[in-house]
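Before any comments, here is the structure.
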Amino acid sequence: MRIAVLGAGYVGLVSGACFAEFGVNVCIVDTDPAKVEALRRGVIPIYEPGLDKLVAENHADGRLGFTTDLEEAMEGADCVFLAVGTPSRRGDGHADLRYVYAAAEGVARAAKKDGLVLVTKSTVPVGTGQKIREIVQRVRPDLTIHVASNPEFLREGNAIGDFMRPDRVVLGADSDAAFATLRRLYRPLYLIETPIVATSIETAELIKYAANAFLATKITFINEIADLCERVGADVHDVARGMGLDGRIGRKFLHPGPGYGGSCFPKDTLALALTARDAGAPIRLVEATIAVNDARKEAMADRILAALGPSPAGKSVGILGVTFKPETDDMRDAPSLVILPKLIAAGVEVTVHDPQPGQARQVLPAATRFAASAIEAATGADVVVLLTEWNEYRSLSPDRLRSAMRGETLLDLRNAWDPVAMREAGFHYSSVGRA
Ligand code: UDX
């Protein structure tokens, strides 16, 4: 089989490389010549464990190519995946679909034969598949082009494992031909008995949003329970475990923290809430989740300021981890983007460390200082905040941390450290949802 993938972003690169690994001939096309040139040389624009090796091997074997030329990418392709970005539109928060529609139109123009399957992998609001069908029919009334939806559920930092061994694959289509092509592509997953949800395009589109909004709500629920735990002297981890052992609830995504971030949850919850309002069926639970999560990031900044005492100006804070989660360099909607400006506006000196600081250097306030190590970020700090739970912070020596700091307050916003060990080392230690 041969496929083209439009967009060498997170989803496009990972799916393209994984399909190639499945034995499919893949050509990834991106409009950015510098990106394509870099990919040909084996330079991956994102940090994702294992992706560089997967890309290099499949590129060397001739199954994975890169180009800026859509026609070249589509030469002989049975199927084209749209994996272009769907950012939040400035101003109203709806998903910005201009890249998706432009890509669909480009594919239709370049199509040469009947039977091509155009699959949307980007996260798009319900109804987009229908619009894509209209575009395709308008541009190429002479051809039969099948439209399908195949949302992607991979997590950053775990993307390859998630793609190769997903909990399920969702396929939305309205023709046997499209289902047959998608089934052939996903054959390796049928062999490992991955559940496949075959449904309509609208349903497939909605499944993706409903799943992400549910997970965001689950996190937000445990975050509010954590706040209550602090007030009443309960332990949120035992609450989460006791709840999560109920098979109907499940233990995952009940870890409290500074609020969810990332490229998906914030924008997808917002887009779903707006779609639902427009459709006359508002989802108030998701609206509340968005508001609670936004407020939480602000509250975390207030908590750090409170830990600095009545006059935070001139005090110094060391922050460990600024990406939205570990094992990624992604800064999109990271809690640090709300917290740091608030600290800096209050006159606090902020030094951060992150193992992958590339994007952070570009988007955090100019006054932010970057340290080369966690200990350097803690040096002279009145308060040290663990904001993103990179593994290397778990093994930090409490004694080295203690002697580097000026103060003795640790704020562990991910509950990554052992409270007993930290208190024994002489810290004034506080975490989330534990008295
Ligand atoms: C998410 C979904 O998991 C994935 O299915 C979807 O396709 C894209 O969005 P991702 O954004 O990569 O993936 O990260 P994820 O690991 O889900 O974490 C999202 C955010 O929630 C992070 O900020 C993380 O720190 C936070 N989180 C997650 C918690 O605060 N508590 C938890 O228990 C789990």
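When you check residue 246 against the structure, is it loosely packed, with under 13 Cβ neighbours inside 10 Å, more than 18 Å from residue 124 (Cα to Cα), among the acidic types (Asp, Glu) and out of contact with any helix residue (DSSP H, G or I) (no Cβ under 8 Å at 6 or more places or on another chain), yes or no? Walk me through it before giving the result.
Working: loosely packed, with under 13 Cβ neighbours inside 10 Å: yes; more than 18 Å from residue 124 (Cα to Cα): yes; among the acidic types (Asp, Glu): yes; out of contact with any helix residue (DSSP H, G or I) (no Cβ under 8 Å at 6 or more places or on another chain): yes.
Yes, satisfied.
Pairs under 8 Å by beta carbon, first residue over 19 Å from residue 257 (Cα atoms) in region 393-422, partner of a type in the set (Ser, Thr, Tyr) and surrounded by fewer than 21 Cβ atoms within 10 Å (Cβ to Cβ), six or more apart or different chains?
Note: pairs meeting the criteria are 404/379; 405/379.
Residue 22 is checked against (1) of a type in the set (Phe, Trp, Tyr); (2) at pLDDT 95 or above; (3) surrounded by 22 or more Cβ atoms within 10 Å (Cβ to Cβ) and fails just one. What number does that condition carry?
It fails just one condition, (3).
Could you list all residues from region 61-77 that are under 22 Å from residue 34 (Cβ atoms) and of a type outside the set (A, V, I, L, M, F, W, C)?
Of everything in region 61-77, those that are under 22 Å from residue 34 (Cβ atoms) and of a type outside the set (A, V, I, L, M, F, W, C) turn out to be 65, 67, 68, 69, 71, 72.
Is there a residue in region 71-85 that is in a loop (DSSP other than H, G, I, E, B) and buried (at least 24 other Cβ atoms within 10 Å of the Cβ)?
yes
Give me a count of the residues in region 92-140 that are of a type in the set (S, T, N, Q), buried (at least 17 other Cβ atoms within 10 Å of the Cβ) and within 15 Å of residue 174 (Cα to Cα).
The qualifying residues number 2.
Would you please name the residue that is farthest from residue 300 (Cα to Cα), looking only at residues in region 421-435 that are part of a loop (DSSP other than H, G, I, E, B) and under 33 Å from the mean Cα position of the chain (by Cα)? Full working, then the answer.
So the first thing to find is which residues in region 421-435 are part of a loop (DSSP other than H, G, I, E, B), and the list is 425-427, 432-433, 435.
With under 33 Å from the mean Cα position of the chain (by Cα) added as a condition, the list becomes 432-433, 435.
Working: 432: 10, 433: 13, 435: 17 Å.
Among those residues, the one meeting the criterion is 435.
The values are calculated or read from the model by the stated rules, or taken from the named source; none is laboratory data. Please read all numbers here as calculations on a predicted model, not as lab measurements. So basically every Cβ, Gly included, is an ideal-geometry build from the backbone, and we count neighbours across all protein chains shown.
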